[in-house]
Amino acid sequence: MPRLAKSLHLVSTGHETDYPARVIKDFGAGVGLLLRGFSLVFSSPKRVLMGALPAVITAVLMIGGWVLLVTNIDSIAGWLTGFADSWSDTWKSVVEVAVGISVIAAGLGLSVLLFTAITLMIGGPFYEYIAEEVEDELGGVPEAEQVGWWRGFLVGLRGTLLLVGTSILFAIPLFVCGFIPVVGQTVVPVLAVCINGYLLGIELTGIPFTRRGRSFKQRRQILATRRALVLGFAVPTYLLCLIPLAALVVIPAAMAGGTVLSNRLLNGDRATA
């Protein structure tokens with residue numbers, strides 16, 4: 001009933017016509033937050049170094065994982081397409097190639113989330129330092145909690161398991177829809193980027209929320225109040241992280257931008273400017 005009443009109120013006042021404009025404005029403001037993150041980080045060589053060091057360690061681990069995936073992709077595709085063993089060689093080969101490409105695409109999407117999550121877990125104190133400095137420039141956080149490496153690791157691990165699990169749940173139907181002509185090559189990739197980008201945005205705001213004593217559930221609820229703003233910040237971050245080694249500089253900037261985003265939402269600032 002409350003939702004129905006709200007909808008009727010929007011219809012009666014005509015404010016629903018403002019919705020597309022507000023979404024576009026919020027998305028643009030989110031992009032601006034990422035750009036501001038780059039400005040905040042690259043204004044200090046120390047912040048660049050502090051943010052890049054954990055990312056370098058993670059990059060080495062991820063490269064090893066990708067080597068294993070690519071070298072074993074034929075076996076993985078063959079195992080996933082066991083149902084096609086009785087088909088003709090031509091159709092079986094077509095299905096195996098399609099599944100192999102889909103597995104690599106899914107792995108690529110998950111790798112950005114995993115890269116960010118592992119980087120934040122390894123470099124908790126480094127990114128807490130960046131978040132604290134950015135918060136100080138924004139006016140500080142009264143009675144802020146010190147996250148610390150161990151607590152940050154546990155919080156990050158829990159969030160990672162939940163977010164990666166959510167990503168896999170979405171990836172399964174998207175994987176199936178990928179075989180639909182036209183839709184699988186147009187709509188599905190866009191949806192995948194938006195979903196994984198949004199999940200990445202949740203990861204990148206973990207430290208600022210934790211410093212204020214906010215739970216993972218509260219973080220998701222607060223970010224959900226401004227999805228377009230979060231997507232505007234997170235989708236470009238996600239796409240930039242798909243570029244090999246770009247994450248080494250993107251993640252520190254995104255951490256700073258995520259801190260600004262968190263500060264804005266947690267302080268009740270609903271402005272998009």
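The values are calculated or read from the model by the stated rules, or taken from the named source; none is laboratory data. If you're wondering where the values come from, they're calculated on a predicted model, not measured in any experiment. As a convention, Cβ positions derive from the backbone with ideal geometry for all residues, glycine included, and neighbour counts pool all protein chains shown. With ligands, DNA and RNA removed, areas are computed over all heavy atoms of the protein, side chains included. Shrake-Rupley method; radii C 1.70, N 1.55, O 1.52, S 1.80 Å.
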Problem set entry | Overall form of region 17-76 per C-alpha gyration tensor (a/c, 1.5; a/b vs b/c) | oblate
Problem set entry | Kirkwood Rh in Å, taken over region 27-117 so that all alpha-carbon pairs contribute | 16.3
Exercise. Using a 1.4 Å probe on the protein chains only, how many percent of the accessible area of region 22-267 belongs to carbon and sulfur?
Worked result: 72
Exercise. So what is the accessible area of region 22-267 per residue, in Å², with the probe set to 1.4 Å?
Worked result: 49
Seminar exercise, completed: So for R0 = 45 Å, FRET eff. of I76-A21 from the Cβ-Cβ r, to 0.05, ends up at 0.50
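For region 183-273, compute Rh as the Kirkwood radius over C-alpha pairs and then the Stokes-Einstein diffusion coefficient at 10 °C and 1.306 mPa s; write the answer in µm²/s, rounded to an integer. Walk me through the intermediate numbers first.
Values: Rh = 13.6 Å.
In µm²/s, the coefficient is 116.
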Problem set entry | Dimensions (Å) - region 22-267, Cα atoms, principal axes, largest first | 67, 40, 29
Problem set entry | Mean Cβ neighbour count within 10 Å, used as a protection proxy, ranking 209-217, 20-28 highest first | 209-217, 20-28
